[in-house]
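Asker: One structure, pasted below without further comment.
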Amino acid sequence: MRFRISDPTAERASLPLKIAAAAALLFLHIPVWIILLYAFTTDEATYSFPPPGFTTRWFAVAFGRQDFWAALGLSLRVAGIATIAALLLGSLAAAAVYRSKFFGRETISVLLVLPLALPGIVTGIALRSAISIGEIPFSFWTIVLGHATFCMVVVYNNVLARLRRFGHSLIEASMDLGANGIQTFRYVVLPHLATALLAGGMLAFALSFDEVIVTTFTAGQQMTLPIWIFSQLTRPRDRPVTNVVAIFVILLTFIPILVAHRLTRDTGGTHL
Amino acid sequence: MTAIDASAGVRRERSFGSRLSTYIYLRPNLLLSILLGPPLLWMMVVYLGSLIALLVNSFYSLDDFTGLVVRQFTLKTYAQLLTPANMDIVLRTVGMAIAVTLAAALLAFPLAYFIARFASPRAKGWLYLAVLLPLWSSYLVRVYAWKLILAKEGILSWTIAQIGLSQALQFLLNLPAIGGPSLSLSPIGIFIVFLYVWLPYMILPIQAALERVPKSLIEASGDLGARPGQTFRRVTLPLAFPGVVAGSIFTFSLTMGDFIVPASLGNSSFFIGQAVLSHQGTSGNLPLAAAFTMVPIVIMVVYLLIARKLGAFDAL
């Protein structure tokens, strides 16, 4: 907008409203800054504030820890494979729900979002029950199974939202111009979906990388990074190392979210 | 007729891919089953299968002597759920979920209202990201941050001491039901952290609902002589209410199903999530863990039915 139309009815936000909104925003963001501060504290045994001094040596200590790298490696592998499975299954489901009207379509679209709508503990204990009844041993794949199930929902939502903005006429035009189904998919549908797939994949990765509730029930004795952090939350042993791991994880999850947000900003935003 | 002949001539030269896509194109049901088959099979086997396993497990019981699960239908486990100690856990959890939901609605509304009504398009984008970023970033680390903040020697106690309110804090912590040895070991602490981690889930639906309130209705209300306060109460608020209900679905459901926050900040009084976790783990009483999980499921189903009546699903 080059010029501002003065609108006599336009109200301005009152001061109390501004203060309340700012308070809520600060409440959402200040805690993350505090973690940044604590990663540099010289205090080893407590969470004392103000920090007695500042040091960067905990970074070296944390990155020298074998258990940290093992947990990080497991988390990255789980998130990678769960994301690939979620991308395949989620976009297939979105295409099916978008493309055709079939009996039970509404039921299926509810079923697909159920893993995110119900509390994580329900998915977790349900998988745990199935593992127990089926007498399946805990493994890498039991974790992936759980993660792919709720990651699929994120991909499904993002791809379906994009397909709905797409409109069927472009596909019809491509077919009328002589392209066959595979060509239409390759040259028309896929390029249009690309950023939605990438965004959905990023979010699915972030979701899986950070997931702890379902994982607790499907991991057995295995240690993903969130489970490692959770064990530090209930029984703090390595406070300085945990502080460093915390900002490492925050930075690692911020990146995919910011990228996903940027990718979908002009086309209806990211979808939960 | 010549057209058909011509197309038949072309068809002979077509590639395999082309013939395949024509074959599939002419059979929409085949295409549908290719698309829908894998995800549906996955959801049926992995998810629904597990939910059924959960239900089945809740009707099994634990043999007190051998400590093994008896795979026979019984209502014994549900009877166990109704003992006073376990009902206490249920009530504590539901009470916390209600408190968190109400507080989240109060805290979220001004911010959502500001974003929807007063922010410039540019500021709106930034504010939206500012709400979205905490929602997606590491939930565990954000809980951990509060462990640092609420610790006895932490920043909050320090700040309170600096402004000379230590006595007030001590009074609060001495209260019977909500107090504890320090903020990081009390129901007050749990409440604050729940409020913090679920707040974005309340802001976004309220904002979405407020965005959909037509400006013309607000102008009409003003033209008809309503003061801004009246317009807010009689026009904006009722139209935004489905958004509040939609947000409350998240805050309520997430609070009921969580064990991370109470395990990190609580004392020995359990919440449903912790009970489920400990029964399936150390004591090996998977049936009781399953029966406990049925509580949030049943409550959420009832909640969702009411929410649908209130129009919350249109606000999602």
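The values are calculated or read from the model by the stated rules, or taken from the named source; none is laboratory data. Predicted model only: the values in this text are computed from it and were never measured. Positions of Cβ are generated from backbone atoms using ideal geometry, with glycine treated the same way; all protein chains shown enter the neighbour counts.
Asker: Only one of (1) more than 8 Å from every other protein chain (Cβ to nearest Cβ); (2) modelled with pLDDT of 85 or more; (3) closer than 24 Å to A:HIS147 by Cα is not met by B:PHE59, so which one is it?
Answerer: Here B:PHE59 clears every test but (3).
Asker: Ok, one more. Please determine whether any residue of the range B:261-270 is under 18 Å from the mean Cα position of the chain (by Cα), within 23 Å of B:ILE206 (Cβ to Cβ) and more than 8 Å from chain A (Cβ to nearest Cβ).
Answerer: The answer is yes, given that some residue of the range B:261-270 is under 18 Å from the mean Cα position of the chain (by Cα), within 23 Å of B:ILE206 (Cβ to Cβ) and more than 8 Å from chain A (Cβ to nearest Cβ).
Asker: Would you be able to say whether some residue in the range B:92-102 is in contact with a Pro (Cβ under 6 Å, 6 or more places away or on another chain) and crowded, with 19+ Cβ neighbours inside 10 Å?
Answerer: no
Asker: Which one is modelled with the lowest pLDDT, of the residues in the range A:225-244 that are farther than 16 Å from A:VAL61 by Cα and part of a loop (DSSP other than H, G, I, E, B)?
Answerer: Among those residues, the one meeting the criterion is A:PRO236.
Asker: Please give the number of the condition A:PRO51 fails out of (1) at pLDDT 85 or above; (2) within 14 Å of another protein chain (Cβ to nearest Cβ); (3) over 21 Å from the mean Cα position of the chain (by Cα).
Answerer: Tallying (1) at pLDDT 85 or above; (2) within 14 Å of another protein chain (Cβ to nearest Cβ); (3) over 21 Å from the mean Cα position of the chain (by Cα), A:PRO51 fails exactly one: (1).
Asker: Let me confirm something: among A:ALA93, A:ALA86, A:ALA70, A:ALA60, which residue is more than 7 Å from chain B (Cβ to nearest Cβ) and within 20 Å of the chain's Cα centre (by Cα)? Can you show your working first?
Answerer: On the way: A:ALA93 fails: more than 7 Å from chain B (Cβ to nearest Cβ); A:ALA70 fails: within 20 Å of the chain's Cα centre (by Cα); A:ALA60 fails: within 20 Å of the chain's Cα centre (by Cα).
Result: A:ALA86 is the single residue among A:ALA93, A:ALA86, A:ALA70, A:ALA60 that is more than 7 Å from chain B (Cβ to nearest Cβ) and within 20 Å of the chain's Cα centre (by Cα).
Asker: Oh, and also: Give B:PRO205, B:PRO242 a once-over and let me know the one that is touching a Pro at 6+ places or on another chain (Cβ under 9 Å), within 14 Å of another protein chain (Cβ to nearest Cβ), part of a helix (DSSP H, G or I) and not aromatic (Phe, Trp, Tyr).
Answerer: Just one listed residue meets the conditions, B:PRO205.
Asker: Restricting attention to the range B:270-279, does a residue exist that is assigned by TED's automatic domain parsing to the domain that holds B:VAL141, in contact with a Lys or Arg (Cβ under 7 Å, 6 or more places away or on another chain) and surrounded by 15 or more Cβ atoms within 10 Å (Cβ to Cβ)?
Answerer: Yes: one or more hits.
Asker: If you check B:THR159 against the conditions, is it assigned to a helix (DSSP H, G or I), β-branched (Val, Ile, Thr) and out of contact with any helix residue (DSSP H, G or I) (no Cβ under 8 Å at 6 or more places or on another chain)?
Answerer: Values: assigned to a helix (DSSP H, G or I): yes; β-branched (Val, Ile, Thr): yes; out of contact with any helix residue (DSSP H, G or I) (no Cβ under 8 Å at 6 or more places or on another chain): yes.
For B:THR159, the condition - assigned to a helix (DSSP H, G or I), β-branched (Val, Ile, Thr) and out of contact with any helix residue (DSSP H, G or I) (no Cβ under 8 Å at 6 or more places or on another chain) - is met.
Asker: Same structure again: So, in the range B:263-282, exactly how many residues are touching a residue at least 60 places away in the same chain (Cβ under 8 Å) and of a type in the set (Ser, Thr, Tyr)?
Answerer: Residues that pass the stated criteria total 2.
Asker: Looking for whichever is basic (Lys, Arg), more than 9 Å from chain B (Cβ to nearest Cβ) and surrounded by 22 or more Cβ atoms within 10 Å (Cβ to Cβ) here; the options are A:ARG162, A:ARG186. Which one fits?
Answerer: A:ARG162
Asker: For the range A:62-110, which residues satisfy the criterion of being of a type in the set (Lys, Arg) and either in contact with a His (Cβ under 9 Å, 6 or more places away or on another chain) or surrounded by 22 or more Cβ atoms within 10 Å (Cβ to Cβ) (or both)?
Answerer: A:ARG99
Asker: How many residues, within the range A:140-174, are closer than 19 Å to A:THR216 by Cα and free of Cβ contacts under 8 Å to residues at least 12 places away in the same chain?
Answerer: The total comes to 1.
Asker: For the range B:137-191, how many residues meet the condition of being at the interface with chain A (Cβ under 8 Å from one of its Cβ atoms) and either basic (Lys, Arg) or in contact with a His (Cβ under 9 Å, 6 or more places away or on another chain) (or both)?
Answerer: Result for the range B:137-191: 2.
Asker: Right, something else. Name every residue in the range B:172-187 that is crowded, with 17+ Cβ neighbours inside 10 Å, polar (S, T, N, Q) and not in a loop (DSSP other than H, G, I, E, B), in order of residue number.
Answerer: Passing the criteria: only B:SER184.
Asker: Which is touching a residue at least 60 places away in the same chain (Cβ under 8 Å), of a type in the set (A, V, I, L, M, F, W, C), within 11 Å of chain B (Cβ to nearest Cβ) and under 17 Å from A:VAL153 (Cβ atoms), of A:ALA196, A:ALA246, A:ALA260?
Answerer: A:ALA260
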